[in-house]
Structure formats: C-alpha cells, structure tokens
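All remarks here apply to the structure that follows.
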Number of protein chains: 2
Amino acid sequence: MPKLKPHTLSGFMELLPAPQQQMERMMAVLRDTYARYGFTPLDTPVIEDAQILLAKGGGETEKQIYRFTKGDSDLALRFDLTVPLAKYVALNYGQLSFPFRRYQIGKVYRGERAQRGRFREFYQADIDVIGDGTLDIVNEAEIPAIIYQTFTRLGLKRFKIRVNNRKILNGFYAMMGLTEKSQDIMRTVDKLDKIGGDKVREILVEDVGLSAETAAEVLRFITIDGDNAAVIAALEGYAGRDELFDTGLNELKTVTRYLADFGVPQDNFAVDLTIARGLDYYTGTVYETTMLDHPEVGSVCSGGRYDNLAEYYTDKQLPGVGISIGLTRLFYVLSEQKLLNPDLPTAPADVLVIPMSEEQQGYAIATATKLRDLGIRTQLYSEKKKFKAKITYAAKLGIPFALFLGGDEEAAGTITYKNLNRGEQNTADFDTAAADIRAELDRLNQGSVILG
Amino acid sequence: MPKLKPHTLSGFMELLPAPQQQMERMMAVLRDTYARYGFTPLDTPVIEDAQILLAKGGGETEKQIYRFTKGDSDLALRFDLTVPLAKYVALNYGQLSFPFRRYQIGKVYRGERAQRGRFREFYQADIDVIGDGTLDIVNEAEIPAIIYQTFTRLGLKRFKIRVNNRKILNGFYAMMGLTEKSQDIMRTVDKLDKIGGDKVREILVEDVGLSAETAAEVLRFITIDGDNAAVIAALEGYAGRDELFDTGLNELKTVTRYLADFGVPQDNFAVDLTIARGLDYYTGTVYETTMLDHPEVGSVCSGGRYDNLAEYYTDKQLPGVGISIGLTRLFYVLSEQKLLNPDLPTAPADVLVIPMSEEQQGYAIATATKLRDLGIRTQLYSEKKKFKAKITYAAKLGIPFALFLGGDEEAAGTITYKNLNRGEQNTADFDTAAADIRAELDRLNQGSVILG
C-alpha cells in the first residue's frame, strides 16, 4: 500500500512526551493558582457562530480567523477567550452570580503567517472578574498578587509586574490639551525601551506635531520612576487639574497600598507610565509582566480593567478586569531559552516493574497493583526482550526506578528495586520499598518547572 | 447600539459553573488514574491536514467531518483521537520508546444531525499501548484493571466490563464454515439484548440464510455464560478444531487468569461472546463497559486490540490495544439520570472573606493571602453591598464558609467564621480557624463524583 507522509501542520505545536509533561505541569500550576483565588473553570466551545465572534468586526481579527460553513451554518474558530466569555455572560446572565470570576485555559486559533515562534493554534490562560454594573477597585489591586503567585509557583524569580492606569494617562493628555493626539503619542512612547528618549522626542515633534516643550513635558511625565512612593509623590504634583487624572491616581494608590497584604514584594512590582496596552477597551488599571533577563520576549502576562465586556450582546453594563497568559508562546520561549527545569521527572511512570520470568507474572502484577493503589505511577513491563533491553527502555524514558521480581523475591515476599539515577539496588519488603521509593520521588518532584 | 442575540451552537456542550466543576473533577480522576498506569499525556492539534485525517476514507466519517480551506490548505477538525495518534507515532517513531503508552483527553468534532444527547463537539478520553512489531498479551489483560479503577474512583459501583476475543469469534465461524457470513451474523447477534433469541434466530435463518441447526448452534455458542471458569470450560469443548480459535482461547485465559492480581473483582467482569465491536480493525481482545442500572446507555468505555495502528503512514507494524470513554456523552447521561453527586462542593471558592468596613480591607486581604498560601480557595468580597447581599452571594454560589472581619477581630488578631451549611459561627485565632475550615473541607470533598 502506498503510504501518506505523516506530518503536522506548520504553526501547530505538537510536543514529544517529555516536554508535554512539562507543559502539563505548567497547566496544573495555573489551574491550582487560579482556583486558590476563587476563579471557577469554564470550557466554552472551540467553534462558535461566526456572527457572534465577529460582532465587533474589522481589523486583523477578521483576516486571521478560521471561518467556514457546514451545511448552512456560518462558523468560526475562537481567536481569543474574551469574546466567548462575553457571549457566555450575556447568555447566562440570569444564572450567574456577580462578581463572576472565571478562568479558562484553552486553545485559540489565528491564521497568522507561519514563522518561528508564532503559532496558529495556541493556548491562552485567562482570568476575568466581571461585575454587574459596578466592580470595586480592590479587584484591580488583587491582580498583581495573582500574577506574582502564578509565576513564583512556576519557578520564575526575576520578573516584574508593570502597572499603569489609563485614567492617569488620559487625564494627563486632557490637562495638556492633547486628547486628540493621545493615541499617536501613546503609540510612540510605547517604543521608548526600544528606540530611546531622543528618538521618541524627535517623532513626537516631527511626526505627531508637538512643540519641543510639550514633547519634553510628555517625556518627563512618562519617564517618572522610582519606587511606588516616589512615583505617586511625583504624580501628586499633577493632581487637581483634571478629574479623570485624580480618579486614576486614587485608583493607583489603592492598587499599590495593599501590595504587601497581598504578598507581592516591591521588587516584583513597578508603576510604569509608559504602559498603555494597545486595546482601546481598557479604561483603568493595565498590567504587563516582563522577564527581567529576557526583555526581548515582551510581556508574558497582560491585561487590564475594562468597562463594558459584552456590549455587542446585551444592554447590561458589565465592567471587569482580566489578564491573559499566552501559554504556548511562553512555553516555546522557555524551551528555546533552556529555562525548563531538566531535573524534573518527565517519564510516563515512576516505576517499571519487571518480572524476571513468566512465572513471576502474577507476583509482578500484584505488586504493580499495590504500588498504583499508593498513587505511584507504575508500568508493568511484560514484553519478551532481553534483560538489558528492559533496562535500556527504563533509562531512555527516564523512569527513576526498576523493580526486579524473581523467584527469590516471590518466595520471600520481597522486592528488589533499583534507583536508576543513582545505580543503588536494594531488596526489602513491600512497605519498606514503597516508602523508600516514595521519598525519592518526593525529592525528585520538589523543583519547579521554570529555572529561577 | 443594536444587540446580537447571544447563543451557543446546538450540539455544543457549554456548562454552567457548577456542573463544569463536576466535569473538571471527572477529568482529574481520569488523568490521575491513567498516569498511575504509566500512560503519558499527549496533546495533538485539533486541526490537521484533511488528507491525513481522511487517509482511510469513506463512510460516515467523510460525511460528518468539519473540513474547510484556509489559504490553499485543505484542513479538517479531528473526528477521533486514534487517527492523530497514528500520525503522531508514525511521525515520531524514531524518538519514541515502545511499548508507547499514551493517554489523551481532548475534543473531537463530528457534524452529526443535532439531537438530544448527541454532540458535535465532544471529549474523548483515550488510552492506547502501542508495540513495535509485537505487543504482549499482558497488555490486553491490564485493560480491565484500568477500566475498573477509572469507574470505581469516579464512584460508580454497579458496572460490568464485558470482554470477548475476535479470534475466538472468527475461529468459531471458520470451524462452522461461516467465515463469509460472519459479518452479517455478528451484526445480528449484537442485537440479542434488544430483540431476544427467537428474533435473532429468525433473522439468521430468513435474512442471513443459515439452516435452522446452524442458527441454533450459533445461538448456543454466543449465549454461553456463567463465571469465567464456566465460560472457559464451555469454550474448551470447541478447542482443537481451528488454530485461530485456540489462540484466542489462550489469550482469553491469560486475560482472565490475572484479574485478581490486577485487583478486578469477578463481579465487575464477564466474558460475553456477543460482543464483537463493529470496527473491523480489532483483531484480539475487545471490551465494552455497561452500567448495570442503565443498560439503555450502552457501552461507556469500549475498545480492543488491533494489529496495525498506522498502516496509512508507515510500513512499520504497530500493534496496539486501547479504550475510549465518550466523556461528554457520559457526563450528559449522568447528569440526566441525576447520578452526579450533589453533595460535592461546586463553588468557585471554599471561603468568602468579608471585611466589615473599609478599614478592615488590609486585614481581610492579609487573611485571604494566608488562607491561599494554605491551599484554601479564597475569594475576597469587596463590593459595596449590604451585609445580607454578601451572605446571599455566598449561599447562592454554595461557598461553604464566610469570614467576617471587623474592628474587634483585627484588634485581637482573630477571625470570625461561619459554616454556611450548618449555620455555626465561631471566633478563633487564624491557625485554629484555618484547621477547622480545612477539616470541614476535607469532609465535604471526600465523596466521589458519581453516585454509587
């Protein structure tokens, strides 16, 4: 029979078993962390009515979306998790309690031009808190704590959560009489890190059309830095001139006030007035998160406060705050940068049980059953291969323990077990052996996924 | 602005938060159980090259598949997890170790006619063991143990794993000279439970064209029953007449021999000669699993042994054995039959922390942070609502505990906590309160998802 060459579509991540285990660990940390903050898991369909997904319409989204017909249905694959959330909340409004806190870790689809590190199918890991009519500012103050816990539990140490408030920005531009030019200005100052202050000033004057003094004033404002107290003191100097600015400053003060109570160290947090987030629906606090040793990666967790989640589907005013992690891209970057902890077990099993002859099959099975009852991941190896091939199999997969069960062991009711990493071999009764194996597994599994 | 009516496509399951929590529990049990048996998780793309998915071609599959173009790519959504596995193993053959044991829990897509309880997007939960050239029969013997553990840990008690062997069937039809009619016969006897023996006999004679004696012989054979020993003794009576039959009988004896060692009670297991599984690629042991009190649901976990997983993509002979649970349909049935345990917590949080005034905000946040550090799922409630509205919110979501933190508590460093199920309220220091809450949560969470 002629064979079809097996292949996976380009732009679609499909991992080998060992890296997949690392990905699963990351997802488990995200699920567990989000749950600790009282978010409930949701799982919306991958396919939606194209009209629903494209209600907002326009722009890149429409070009990139996977859209097709089936029968007479106009269908599309979701391109983010926010639009399906908006639909879900509008649809189920009467059955939900607000604030409604949900997380979703799911695949989304964008038919981008294929290039290295860009994916057409990728996981997003989102959390959102949705209010009914109003939503207290404390929800915005809590987000940095969730970001901090998430990355810390993943193992990352050198990262910074950068926070700004759109009301401060919009208020500042209003008091400067620059509201109409604010989009252009924000797009320009967003490049500050990349092109430097002089170049930003030049663009502001020559392309955006600011006077030299105004451009200097804008630059002075957005480069305010220092610790939280210093930044807020500097911002107080602008207070009293614009109502929106003052509201934003108060919100920022609330967000920074409770950081210690939320368990976020000052080192991992900075007010950064250059951050605006491109999306025009953010209206209050905005967040970005950068890896200090890998600034080229950009933000690995971003989001913000918005005033109206579901305006295309309902008259209800549903303000919210949310953040999103581009999990597939993050995993790709961590992997490329060799930042995934290679010491964590990635084998399918903790123990490979090897009967020394067919006569010990029953004893081997009974032993495997007991280990599994203890939660120890156990594979029974019964293929008719040479002993050396069996050990090679365990070693190649990185299985930490091999059990050798022969006639002596069965007669004595003991187990011979070998720590394949250390080369140590022991014979003991089941309980002793299981406790010994358990202790070593606990030691092997205590690291985190990302290398600090 | 005119609003678009929010809706979810028909045939797509989208759960409210409480049932979604139950679904998550089921998935967690599956992941954990499969891992205990040494299966590694895989995650293949939802979209594949249509040529790859349709390599086998023909039949219902081709009609039901979601197929579309993007640019000049001919794409399709996977309709099962087996074809993607075959592609994966053929593609990564050189980097995998065999036997290769993987599980995958993922969504698949079939554009079936929409009807109640039928889904177009649904989860399958599959495990497969793939050998390279050969695969020992013990792998087939292990499958009933995995099925047993899975359903037992989900909470189901009254279920039966029904096992047969295709070699026994094919061998029997060969020794009867009925090989050419065996497909028609198997399709008929498959209806035995529904239409009864007399009707089956009638169809075998009138439609399939057997003589009355042959039809009686077939019926006598496939209705052999009793415990494992009795069935095997009856089958021994046919031994020595057909080589394939004898091989199948030996395999069946191995599968039944180790049941006790694998921890499978006789009560949950039966050899059932009526089971054939429609798919023609099964070649050895086949499995079905039925809920004894809900036979109308049909098999909730099925599969079998096959000789050639990836023949469309590679010359390698890759025999395997696998089973699949139709998770979305199972969840739907359990929910309809009111078999999901309503006593398990489905709230997004274990504890709702309520500061009694804005002055206790910091104390409330610090308390929430400490609870979260202990792994207790904690929501901070900071909306400006009346006290009664806050309690109603907790009660409506089924949050087990509310914490009331006022000036007295902050001054004394204590916590007032109320068990909302029992109406009991206490004030204690943090450690005492947390231990008390933890103990009650452990009690609440000890049940299983499915009611016995």
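Only lysines eight or more places from A:Lys253 in sequence, or on another chain, were considered; those with a Cα closer than 17 Å are A:Lys167.
Within 10 Å of the Cβ of each residue in B:362-369, the mean number of Cβ atoms contributed by other protein chains is 5.
Below 8 Å, C-alpha to C-alpha, sequence gap of six or more: please give me the relative contact order for chain A in percent.
Values: 729 pairs, mean separation 73.8, N = 452.
Relative CO of chain A lands at 16 percent.
Cα gyration tensor of region B:218-347, axes a ≥ b ≥ c as square roots of the eigenvalues: rounded (a/c below 1.5), prolate (a/b > b/c) or oblate? The shape class here is oblate.
Mean silhouette area of chain A, derived from the convex hull of its C-alpha atoms and averaged over all directions, reads 29.4 nm². Net charge of the neighbourhood of B:Met27, taken over other residues with C-beta under 11 Å away and scored Lys/Arg +1, Asp/Glu -1, is 0.
Helical runs assigned H by DSSP (4 residues or longer) give chain B a calculated mean residue ellipticity at 222 nm of -12000 deg cm²/dmol, each run adding -39500 (n - 2.57) before division by the residue total. Position A:Gly71: other-copy label points at 3.2 nm, ordered by increasing distance, label point 7 Å along Cα→C-beta. Based on the Kirkwood approach, the hydrodynamic radius assigned to the protein assembly as shown is 30.5 Å, with every pair of different Cα atoms included.
Within the set of other residues whose C-beta is less than 14 Å from the C-beta of A:Ser324, count the net charge using Lys and Arg as +1 and Asp and Glu as -1. Local net charge: +3.
Determine the shape class of region A:34-128: with a ≥ b ≥ c the square roots of the Cα gyration tensor eigenvalues, call it rounded for a/c under 1.5, and otherwise prolate if a/b is greater than b/c, oblate otherwise.
Values: a/c = 2.38, a/b = 1.37, b/c = 1.74.
Verdict is oblate for region A:34-128.
Closest approach to the axis carrying B onto A, counted by Cβ on chain B and given in whole Å with its residue, is B:Phe68, 2.
Can you give the local net charge around B:Thr289? Use residues other than it whose beta-carbon is closer than 9 angstrom to its beta-carbon, Lys and Arg +1, Asp and Glu -1. Walk me through the numbers on the way to the answer.
On the way: positive: B:Lys160, B:Arg162; negative: B:Glu288.
Cβ neighbours under 9 Å give a net charge of +1.
Please report, to one decimal in angstroms, the Kirkwood hydrodynamic radius of region B:351-444 built from all distinct Cα-Cα pairs. It works out to 13.1 Å. Here's the list of aspartates and glutamates a cross-link from A:Lys385 could span, going by alpha-carbon distance under 13 Å and ignoring same-chain residues fewer than 8 apart: A:Glu358, B:Asp132, B:Asp136. Oblate is the label for region A:139-207, because a/c, from the alpha-carbon gyration tensor with a ≥ b ≥ c as root eigenvalues, is 1.5 or above and a/b does not exceed b/c. Of all lysines in the structure, the ones whose alpha carbon falls short of 18 Å from that of A:Lys386, not counting any fewer than 8 places away in one chain, are A:Lys396, A:Lys418. Mean per-residue shielding of peptide B:342-351 is 3, counting Cβ atoms of other chains within 10 Å of each Cβ.
Highest mean first, what order results for B:281-290, A:90-99, A:189-198 on Cβ atoms within 10 Å?
Working: B:281-290: 22.5, A:90-99: 16.8, A:189-198: 13.5.
So the peptides B:281-290, A:90-99, A:189-198, ranked by packing, come out B:281-290, A:90-99, A:189-198.
Can you grab the distance from the C-alpha centre of region B:341-390 to the C-alpha centre of region A:330-349, Å, no decimals? When both Cα centres are located, 35 Å separates them. Packing-based ranking of B:331-339, A:335-343 yields B:331-339, A:335-343, ordered from highest to lowest mean Cβ neighbour count within 10 Å.
Quote the FRET efficiency, to the nearest 0.05, computed for A:Lys199 versus A:Arg118 with a Förster distance R0 of 25 Å and r equal to the Cβ-Cβ distance.
On the way: r = 27 Å, r/R0 = 1.08.
Efficiency, rounded to the nearest 0.05: 0.40.
Values quoted throughout were computed directly from the atomic coordinates according to the rules given, and no laboratory measurement underlies them. Since we're looking at a predicted model, the values are computed, not measured. Note that we place each Cβ from the backbone using ideal geometry, even for glycine, and neighbour counts take in every protein chain shown.
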